[in-house]
Amino acid sequence: MPSRAEDRTPHARGRGPNRVLTSRRAAVRIQAGHALLEVTALAPDVFRLGYFAHGRPVEYASEATDGAEWEPVEAEIHGSSGRVEIDTAAAKAVVALEPLRVSFADRDGTSLVDDVHLWSGEPDPDPAAHLGPPVRMDHARTAHTRFFGCGERTSGLEKTVSRQVFWNIDPPEGHGAAHNNLYTSIPFVLALCEGRAHGVFLDNTHRVEIDLAKADPERVSYEATGGDVVAYVFTGPTPRDVLARYTQLTGRMSLPPLWALGNHQSRWGYSSAEEILGLAREFRERRIPCDCFHLDIEYMDGYRVFTWDRERYPDPAGLMAELDGQGFRAVTIVDPGVKVDEGYAVYREGRERGFYCQTIDGDEYHNVVWPGLCAFPDFTNPEARRWWGDNHRALLDPGVAGIWCDMDEPALFVPFQSTMPEDVVHPGRDEPKLHGQVHNLYGSQMARAAREGLERLRPDRRPFVITRAGFAGLQRHAMQWTGDNSSWWEHLWMAIPQLQNLGLSGVAFCGVDVGGFYGDTNPELLARWTELGIVQPFCRNHSHIESVPQEPWRFGEPWTGLIRKSLELRMRLLPYLYGAFEECSRTGAPILRPLLFDHPADETTYTTDDELLLGDALLVAPITRPGIEHRHVYLPQGTWVHWWSGEAIEGPAHVLAHAPLGQPALYARANAAIPLWPVMQSTASGPPPELRLRIACAPGAGAYERELYEDAGEGFGASARRSVRCDGERVELGERAGHYVPPGREAIELELRGVEPGTNVRVDGEPVEAREEDGALVVALEESPAARVVELG
């Protein structure tokens, strides 16, 4: 690809002058030598740039963008002196014709993405060059701009001065922070400059590399091995605005079933139904909360997908019924490799219907994974996706609750930990594609097939699908498990920025394996990892068949008690966590988010990547090193109240937090209502009738208002929401909007912390009795849809 010093405009290469072809409503199309350039305002703060070279058709349809439709936007188009400008109420795009350059700025003229160069290589006359010419977009980096996001990444939160690779792989065991690409590729960048945010998404499923001011500190480049430049610019100005628009484009997750938020237990190595039932008894007898078991590849007959090993699992329906009776669900793993076996109905039907990927010569493509020699479904074909989804009936009919898509990069064994050659053919339904064109989509499309199958086969229940691999927009289909980590303290630390960057890239429902997958954990590491696990959107303990067992009780006391205490806190926090999931499903706001998401003007938050916000009102600073129980914590602007001691601290502040095992550094935003449930062993019975709103009252902290969301936790029925506002001296519970009321609820309790004992309490002007409990004042409010006012003092 050309160096920055070369002029990449077609005119400079002797292809004739650039000229405006059409100018309509909110879009401009320009003939630029051998290419067409189109710039469109999709919304006042969203622009799309399309660059189609060498006669390629103008095409924006994409698996990433969910067929997103945009309301017509009011825009003005001006043209003069060799330039065209698209003005909206919030931002502007400027196209200079000679030389061809594109710039994006806000209404005040603040440059966001400036001096955009576009380039396409020459078509290769060699017929073996299947992927087409490479393409590139680069633009100026405004001084002090810093970069985040980029999906599933290793190392720290900030990605400035780095080169990020987007090509899905199954990384080697023990990968470290220097290992660049992982299982999922999301070429989306969130940029911050002096508190102002913007974003850029390159919708290209070929191999992509993004240079974030590493090769040249004044430039950012986006390069792909083929396809077109289709880029979206989100002008902000806040991270929340950028994520709202990005997830409007690529889709938002739907609200999962409540049980998916509980504690999950897994291990590659659970070898029989008898072993699973024994583990279930252990959890209940030890009163350790758990909602779900995950069955890895051993449940299958010779690793054939959509089958059961009838020796190890002789009665799948009976197993599911027995687990259900104890409050457990089960999730089963499904790999894409279909064993080549003429006696195996799944393989035979897929072959007969032409649903598998092919070699360039038209033969069925084969490689080796767990079952041996396998064929691989072509998920670009909607008929193949439907067939694949319908095959899940063999798992759902016995009572399996969710599906775990694994090995879907796709990962292959020949060569070991490889993936498909780029010239493998996806026949599709109408338009064949080479694997190099759609490689990064394979996991997303497999997850889509599974999800759509669950929706058809069980339409009254919310689908739950996990994927290890995917592309932008995967959040519409599945949650992201981050793959095979290691039982290292370094991987515990790395999980925090990794999950935050996934959240900043639209994939909010995510989690890492608690305790680590490869290698042997130890009791302290498992206890500390569980303290992080309980604030992950997805909380699952998962380990390798050759590692030491790491169920919560394996190391004895005091470790069992410490892990139980953490998991009990997870269960208490479920209504708060569930509310964060609901907000994400509406707005795209990450569930687990970096401090910079809510505090973009505070540049200290840009490097504070070993802390996180859970929703809007809880701040967590995990311990990620052995043998210590104190750590530095940065508290951003606002008043923050230590969860365990009740100490109130005014931010911004740097503090030394005491965080002994079992009491992680956890802070609540003052005057924010944190909904809590009693400790449950599982969510099998749905939301309990008891609800407590814990509020750290701080009169000088200013008023804070949050919304309480509730529903049945399953299905698609009624819901309810109400506001809770507190200024430290007065709590206002808004009128309930919606029809859902948890069965049996008689009262909502307010747990008011920071209130002096003996303080007088009035509810709707009438004095009431309040009780003291664990240093707090507890007020019971009779369940009612009406608004209520509680006054203190």
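Considering only C-alpha atoms, what is the centroid distance from segment 538-564 to segment 166-206, in Å?
31 Å
Lys and Arg at +1, Asp and Glu at -1: add these up for the other residues within a Cβ distance under 14 Å of I403 and post the number.
Details: positive: R329, R385, R393, R448, R451, R456, R458, R461, R462, R468; negative: D296, D335, D390, D397, D406, D408, E452, E455.
Here the count lands on +2.
How many nm separate the modelled label positions at E71 and A653, each set 7 Å beyond the Cα in the direction of the Cβ?
4.3 nm
If a/c stays under 1.5 just call it rounded; otherwise compare a/b with b/c (prolate if a/b is bigger, oblate if not). Do that for segment 623-765, with a ≥ b ≥ c from the square roots of the Cα gyration tensor eigenvalues. Show your work: numbers first, answer last.
Numbers: a/c = 2.16, a/b = 1.37, b/c = 1.58.
Oblate shape, in that a/c is at least 1.5 and b/c is the bigger or equal ratio.
State the percentage of accessible surface on segment 91-172 attributable to carbon and sulfur atoms; use a 1.4 Å probe and exclude ligands, DNA and RNA.
Values: 1560 of 2840 Å².
Percent of accessible area from carbon and sulfur atoms in segment 91-172: 55.
Based on the alpha-carbon gyration tensor of segment 676-759 and its eigenvalue square roots a ≥ b ≥ c, which shape applies: rounded if a/c is under 1.5, prolate if not and a/b is larger than b/c, or oblate? Provide the component values of the computation, followed by the final result.
Values: a/c = 2.65, a/b = 1.71, b/c = 1.55.
Here segment 676-759 falls in the prolate category.
So for each of 434-443, 745-754 I average, over its residues, the number of other beta carbons within 10 Å; can you give me the resulting order with the highest mean first?
Working: 434-443: 25.0, 745-754: 18.4.
By packing density, highest mean first, the sequence is 434-443, 745-754.
How far apart, in nanometres, would the label points at T759 and H630 be if each is projected 7 angstrom from Cα along the Cα-to-Cβ direction?
Output for this residue pair reads 3.1 nm.
Which length gain, in nm to one decimal place, applies between K214 and E735 when the Cα-Cα distance is subtracted from 0.36 nm times their residue separation?
Numbers: separation 521, 0.36 × 521 = 187.56 nm, distance 5.33 nm.
So the chain would gain 182.2 nm between K214 and E735.
Work out, in µm²/s and without decimals, the Stokes-Einstein translational diffusion coefficient of segment 439-498 at 4 °C, 1.567 mPa s, Rh from Kirkwood over C-alpha pairs.
Values: Rh = 12.9 Å.
In µm²/s, the coefficient rounds to 101.
Can you pull the percent of segment 276-367's accessible area that's carbon plus sulfur, 1.4 Å probe, other chains left in place? Walk me through the numbers on the way to the answer.
Numbers: 1480 of 3700 Å².
Result for segment 276-367: 40 percent of the exposed heavy-atom area is carbon or sulfur.
Looking at the chain, what % of its DSSP beta bridges pair antiparallel, to the nearest 5? All intermediate terms of the calculation are to be shown ahead of the outcome.
On the way: 149 of 181 bridges.
Restricted to the chain, the bridges split so that about 80 percent are antiparallel.
Treat segment 653-723 as a sphere of radius equal to its Kirkwood radius over Cα pairs and apply Stokes-Einstein at 37 °C in a medium of 0.692 mPa s; give the translational diffusion coefficient in µm²/s, rounded to a whole number. Don't jump to the answer; show the numbers that get you there.
Details: Rh = 15.2 Å.
In µm²/s, the coefficient is 216.
Hydropathy first: keep DSSP H helices in the chain averaging at least -0.5 on Kyte-Doolittle, then drop any whose Cα extent along the axis falls short of 24 Å, and list what survives.
Qualifying helices: 559-587.
Among 472-485, 156-169, how do they line up from the highest to the lowest mean number of other beta-carbon atoms within 10 Å?
Working: 472-485: 25.9, 156-169: 19.7.
Packing order, densest peptide first, comes out as 472-485, 156-169.
Hey, any idea what % of segment 452-551's accessible area is carbon plus sulfur with a 1.4 Å probe? Working shown, then result.
On the way: 980 of 1920 Å².
The value for segment 452-551 is 51 percent carbon and sulfur by accessible area.
Kindly provide log₁₀ I(q)/I(0) values, in the same order as q = 0.07, 0.11 Å⁻¹, from the Debye equation applied to equal alpha-carbon scatterers of the chain.
Listed by q, the Debye log ratios stand at -0.53, -1.27.
What nm distance separates the two modelled labels at W488 and A177, each placed 7 Å from Cα along Cα→Cβ?
The modelled label-to-label distance comes out at 1.1 nm.
Using 0.36 nm per residue of separation minus the Cα-Cα distance, give me the extension gain between R83 and A747 in nm, one decimal.
Details: separation 664, 0.36 × 664 = 239.04 nm, distance 6.51 nm.
Separation in residues times 0.36 nm, less the Cα-Cα distance, equals 232.5 nm.
What is the calculated FRET efficiency for R310 to R281, with r their C-beta to C-beta distance and R₀ = 22 Å, to the nearest 0.05?
Details: r = 23 Å, r/R0 = 1.05.
Efficiency, rounded to the nearest 0.05: 0.40.
Counting each pair of different Cα atoms once, what's the Kirkwood radius of segment 567-659 in Å, rounded to one decimal? It would help to have the intermediate numbers written out before the result.
Working: mean 1/r = 0.0698 Å⁻¹.
Roughly 14.3 Å, rounded to one decimal.
I need the P(r) histogram for segment 361-514: all alpha carbon pairs, bin width 10 Å from 0 out to the longest distance, whole percents.
It works out to 10, 35, 36, 17, 2, in whole percents.
What FRET efficiency do you get for R19 and D115 if R0 is 22 Å and r is their Cβ-Cβ distance, rounded to the nearest 0.05? Intermediate values should be presented prior to the final figure.
Numbers: r = 21 Å, r/R0 = 0.94.
Calculated value: 0.60.
Where does each of 214-221, 298-305, 686-693, 43-50 land if you order them by average Cβ count within 10 Å, highest first?
Working: 214-221: 16.4, 298-305: 20.2, 686-693: 18.6, 43-50: 22.8.
In descending order of packing, they fall as 43-50, 298-305, 686-693, 214-221.
Using the scaling law 2.2 N^0.38 Å as the reference, what is the normalised Cα Rg of segment 233-355?
Numbers: Rg = 20.1 Å, N = 123, 2.2 N^0.38 = 13.7 Å.
Compared with the compact-globule rule of thumb, segment 233-355 sits at 1.47.
When only alpha-carbon atoms are used, what values of Rg and Dmax, in angstrom, describe segment 560-608?
For segment 560-608, the Cα-based Rg and Dmax read 14.6, 42 Å.
Quick one: if the Förster radius is 45 Å, what FRET efficiency do R163 and I360 give, using the C-beta to C-beta distance and rounding to 0.05? Each step should come with its number before you reach the end.
Values: r = 31 Å, r/R0 = 0.69.
It comes to 0.90.
Please express the shape of segment 296-335 as an equivalent ellipsoid: the semi-axes are the square roots of 5 times the eigenvalues of the C-alpha gyration tensor, given largest first in whole angstrom. Walk me through the numbers on the way to the answer.
Working: eigenvalues 76, 27, 8 Å².
Sorted largest first and rounded, they come to 19, 12, 6 Å.
Work out how much length A321 to H144 would gain on full extension: take 0.36 nm times their residue separation and subtract the Cα-Cα distance, in nm to one decimal. Before the final figure, lay out the partial values.
Values: separation 177, 0.36 × 177 = 63.72 nm, distance 5.84 nm.
Gain on stretching A321 to H144: 57.9 nm.
Quick check: the distance between the Cα centres of segment 630-681 and segment 37-59, to the nearest angstrom?
47 Å
Per the helix-only calculation at 222 nm, which mean residue ellipticity applies to the chain, given -39500 (n - 2.57) for every DSSP H run of n ≥ 4 and division by its residues, nearest 500 deg cm²/dmol?
After summing the helix terms and dividing by the residues of the chain, the value is -5000 deg cm²/dmol.
Please express the Cα-Cα pair-distance distribution P(r) of segment 90-162 as a list of whole percents, one per 10 Å bin, running from 0 to the bin with the greatest distance.
15, 30, 32, 19, 4
The values are calculated or read from the model by the stated rules, or taken from the named source; none is laboratory data. Remember, predicted model here, so these are calculated numbers, not experimental data. When we count neighbours, we look across all protein chains shown, and the Cβ atoms used for this are built from the backbone with ideal geometry, even at glycine. The area values use the complete protein model at the heavy-atom level, side chains included, leaving out ligands, DNA and RNA. Shrake-Rupley method; radii C 1.70, N 1.55, O 1.52, S 1.80 Å.
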